[in-house]
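Written out below as structure tokens is the structure these notes cover.
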Amino acid sequence: MRAIGDLASYMLSSRLQSDLRNSAETAAEAATTGLAKDKSRHLGGATMALSLLDRKAVLLEQHQRGIAEASLFAGAMQSTLGRIQDQTSQLVASLSLVSQVQHSSELKTLSETTAGVFVDTVNAVNSEIAGRSLFSGSATRAQPLPNGQALLDMLRTDVAGAATAADVLTAIDTWFDAPGGTFETAVYQGSDTGFMTLPLSAGDTATFGLRADGETMRDLFKALAKGALAGDSGLGLDQGAQTRLLDQSRIDLLRSDRSLTEERSSLGLTEAIVEDARVTTDSELARLAIDRLSLIGVDQFEAASEFEAAQQQLEVFYRIAARQSRTSLAEYLR
């Protein structure tokens, strides 16, 4: 059983050891990070300013995440529109030769090529990024359209009764454009009122105003559909009617190309707004970091010196403790 004096000595020794360890750990952290470990003590209990800085930093970090998402979304939309525009531009070059075509097999090949572009375009419009549909407006969890082949098959079935090129053109325009018609009620599944918006700061948002049911996309679908159905065996159009549909497809695609260019320019402005918000937010966070450092920053060289001193004291303490333990054991064995 320990004597009272021995117990008191042991407790004092343990407390000293704990204090030295804490001092060493605190100094080591300060030397490594350049920040005071005990912020309240460093500030003399006046932590209000630090709390305000931390809350503002948390808010700015939330804005950073919104900005990153907006940048990703805008980039994906721009890339998708770019692919669509490249493919339709190549198609226009092919369709420009339609007036020189002499054989129905060549017209059929051009029609099949246009049908392939129609399917690819619809599938591209159904693209998503990070689980969000790009062209569904605010209903980002909904795929805006059926897949391209299914959509073309629906259109082909509904236009089957048309007997002339004029009938086909009218049927396609009505199918896509009629209020309460097939496209609005049975095809498009995204939001028909809202647009995709993402917050950039306390007062700014990025709005993505291009939807699959918008005029630009509908006109593009119509232009492609006219060429895609020109050589459809179910319609059985003569060579002159096929030529007219393919040429009308070319004319409409040229108009759609201008609209796509305008949409991409508008999207480019949104990208610029997002980038400005990113630069501003990053600058604000950097300034807050400097302000925070001015409050709780410490001299790292001084902290390193304190760490060395605490380490040396610990080493001395352990040597003395070890020597005392050996002495006590010897006394016990005597």
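The values are calculated or read from the model by the stated rules, or taken from the named source; none is laboratory data. On a predicted model such as this, the values are computed, not experimentally measured, just so you know. Note that each Cβ is placed from the backbone with ideal geometry, even for glycine, and that neighbours are counted across all protein chains shown.
Annotations for the structure displayed:
- Filter result for ARG83 (charged (D, E, K, R) and over 20 Å from LEU198 (Cβ atoms)): yes
- Single residue of the range 162-196 satisfying the filter (touching a Pro at 6+ places or on another chain (Cβ under 8 Å) and not small (Gly, Ala, Ser)) that is surrounded by the fewest Cβ atoms within 10 Å (Cβ to Cβ): GLN189
- Within the range 197-223, being in contact with a helix residue (DSSP H, G or I) (Cβ under 7 Å, 6 or more places away or on another chain) and hydrophobic (A, V, I, L, M, F, W, C) holds for LEU198, LEU200, ALA206, PHE208, LEU210, ALA212, MET217, LEU220, PHE221, ALA223.
- Checking each residue in the range 252-265 for being surrounded by 14 or more Cβ atoms within 10 Å (Cβ to Cβ) and either of a type outside the set (D, E, K, R) or closer than 20 Å to GLY116 by Cα (or both) picks out ASP252, LEU253, LEU254, SER256, ASP257, SER259, LEU260.
- Across the range 218-240, the number of residues qualifying as modelled with pLDDT under 95 and surrounded by fewer than 21 Cβ atoms within 10 Å (Cβ to Cβ) comes to 6.
- Once the range 164-189 is narrowed to residues that are in a loop (DSSP other than H, G, I, E, B), in contact (Cβ under 8 Å) with a residue 24 or more places away in the chain and not aromatic (Phe, Trp, Tyr), the residue that is farthest from GLY137 (Cα to Cα) is THR164.
- Any chance PRO199 is buried (at least 17 other Cβ atoms within 10 Å of the Cβ), under 28 Å from ARG65 (Cα atoms) and not small (Gly, Ala, Ser): yes
- Residues (more than 17 Å from PHE183 (Cα to Cα) and part of a loop (DSSP other than H, G, I, E, B)) located in the range 194-228: GLY194, PHE195, LEU200, SER201, ALA202, GLY203, ASP204, GLY209
- In the range 277-291, the residues that are among the charged types (D, E, K, R) and under 19 Å from LEU52 (Cβ atoms): GLU284, ARG287, ASP291
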